[in-house]
Amino acid sequence: MSQPFQLPSYLSPDDPGPWAVYLEQVERVTPYLGKLSRWVDTLKHPKRILTVDVPVELDDGTIAHFEGYRVQHNMARGPVKGGIRFHQDVTLSEVMALSAWMSVKCAAVNVPFGGAKGGVRIDPRNYSQRELERVTRRYTSEISAILGPNQDIPAPDVNTNAQTMAWILDTYSQQTGHLSPGVVTGKPLALGGSLGRVEATGRGVFTVAAEAARDLGINLEGARVAIQGMGNVGGTAAKLFAEAGAKIIAAQDHTGTIYNAAGLNVAAVLEHVRSTGGVANAPGSEAIANDDFWTLESEILVPAALEGQITAKNAASIRTRIVVEGANGPTTPEADDILTQNGVFVIPDVLANAGGVTVSYFEWVQNFSSFFWDEELINRRLESLMRNAYKDISTIARQHAISLRTAAFITACSRILEAQELRGLYP
Ligand code: NAD
């Protein structure tokens, strides 16, 4: 029998953190797993957790120590994949949960990876580039025993980027004695990165939103779209929605909220963001209060900025048909229930923003063959994979009359546990 909510001894029962949220999600889908539920406890036990000390000499000659983690959640379906974040508030519980959600995301869209995540407790704003390079290299060296193109492949996450990946690639390659481009994804093009990676997540968001719109009989031509976040994900999605004839009626970011009932000029807004750092005062827009963003009438709403944005406080006032979660975790569980009760169709993060890991998968495949695809082929394969994932998951949602989020978890957990059952236990 499965054992709900049994926390590992290394997490405090008083502060179980995001890992407890993940455990509850697994509990919820267990009744749908049939005979595979015998294996469900596999999902509640990360395969490997590595905690490392990262000592670094700072520019002023002092020695600083940072705490680093790498968690490999599940390897039943393939090597593990997941970002590395640099943040002062990183905790083990958070890294564990994020690694498990990567397992779910990869399995939900049927990319042959398990999930992993890494983190270093550091506020990068307080350190120079040279210091961050030393932190990255020492952290990589400390976790290198469990890294590798066939084992564990990091990618950028909060406060890390293509340059960070280049340092990881170099450190790992120095240790193995040969260049290993497949050890990281999201790296610069000059080191074997993939075309289309930067836009991949936004393109995936648009692709699944277009599928859902078709299912619900919404014509994208003239559809009203509101987007929170005009960065990598939100900006790319805005461009693609506009190209499809939709009207971006509102955009919100850390500088404010802009509105135009006839549709914003997306190219002009993105240019304004590039030159000023935010959407505030973009040409052809009027400013509205941030709270009013959530009450605008629209066909599609895309939270593509931060977690915890749609809450019990604002969910009831949301007047849209489809919420597409470009961000990770933008909707709290209470808000999710409210949206569902109000008939809002929610495309969950594990499906909606999986375009990024999908093109990371393509990058890894290209690195193995040292043969690079053109951008058109990458986009076509991305769109086809996202469409198929949407179809698989929405079919299960319809069959059981459940939300797309629950259906995505059932699909993902079933795939992982089927692989686990077939492999059996060693010895
Ligand atoms: P980004 O840094 O490029 O953009 C973030 C955007 O959020 C910016 O427009 C910023 O102004 C806005 N923002 C910040 N604080 C805000 C606030 N208080 N209110 C409103 N807006 C605010 O980041 P990104 O890569 O576009 O990622 C956005 C989200 O998508 C994150 O949750 C990320 O985890 C998720 N995601 C990204 C990828 C990817 O490939 N980039 C993949 C999967 C998930």
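The values are calculated or read from the model by the stated rules, or taken from the named source; none is laboratory data. Computed from a predicted structure; not experimentally measured. Virtual Cβ from ideal backbone geometry, glycine too; neighbours counted across all protein chains shown.
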Tell me the residue from GLU221, GLU199, GLU243, GLU211 that is out of contact with any Pro (no Cβ under 9 Å at 6 or more places or on another chain), buried (at least 21 other Cβ atoms within 10 Å of the Cβ) and either within 30 Å of PRO283 (Cβ to Cβ) or assigned by TED's automatic domain parsing to the domain that holds ALA327 (or both), please. GLU199
Exactly one of LYS47, LYS81 is in contact with a His (Cβ under 8 Å, 6 or more places away or on another chain), at negative phi and basic (Lys, Arg), and that residue is LYS47
Residue identified as without any contact (Cβ under 8 Å) to a residue 12 or more places away in the chain, farther than 27 Å from PRO333 by Cβ and in a helix (DSSP H, G or I) among ARG380, ARG398: ARG380
For the range 322-344, pairs from a residue that is within 19 Å of ALA397 (Cα to Cα) and at pLDDT 95 or above to a residue that is of a type in the set (A, V, I, L, M) and within 11 Å of the ligand (Cβ to nearest atom), with Cβ under 7 Å and 6 or more apart or across chains, are VAL324/VAL205; VAL324/VAL302; VAL324/ALA352; GLU325/ALA352
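Of these, ASN314, ASN328, which one is under 18 Å from GLY235 (Cα atoms), within 14 Å of the ligand (Cβ to nearest atom) and surrounded by fewer than 24 Cβ atoms within 10 Å (Cβ to Cβ)? Break it down into steps so the answer makes sense when it comes.
Working: ASN314 fails: under 18 Å from GLY235 (Cα atoms).
Criteria check complete, one pass: ASN328.
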Looking at VAL158 and the list (1) surrounded by fewer than 23 Cβ atoms within 10 Å (Cβ to Cβ); (2) in a helix (DSSP H, G or I); (3) within 17 Å of the chain's Cα centre (by Cα), which single condition is not satisfied? (2)
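Can you say whether VAL323 is among the aliphatic types (A, V, I, L, M) and either within 16 Å of the ligand (Cβ to nearest atom) or within 16 Å of the chain's Cα centre (by Cα) (or both), as far as the supplied structure shows?
Values: among the aliphatic types (A, V, I, L, M): yes; either within 16 Å of the ligand (Cβ to nearest atom) or within 16 Å of the chain's Cα centre (by Cα) (or both): yes.
Yes: the conditions hold for VAL323.
Could you look through the range 290-310, keep only residues that are in a loop (DSSP other than H, G, I, E, B) and within 13 Å of the ligand (Cβ to nearest atom), and pick out the one that is farthest from ALA238 (Cα to Cα)? Working first, answer last.
The first filter runs over the range 290-310 and keeps only residues in a loop (DSSP other than H, G, I, E, B), leaving 296, 298-299, 304-309.
Next, from what is left, pick out any that are within 13 Å of the ligand (Cβ to nearest atom): 304-309.
On the way: ALA304: 10, ALA305: 13, LEU306: 17, GLU307: 19, GLY308: 21, GLN309: 19 Å.
Looking at the filtered set, the residue picked out is GLY308.
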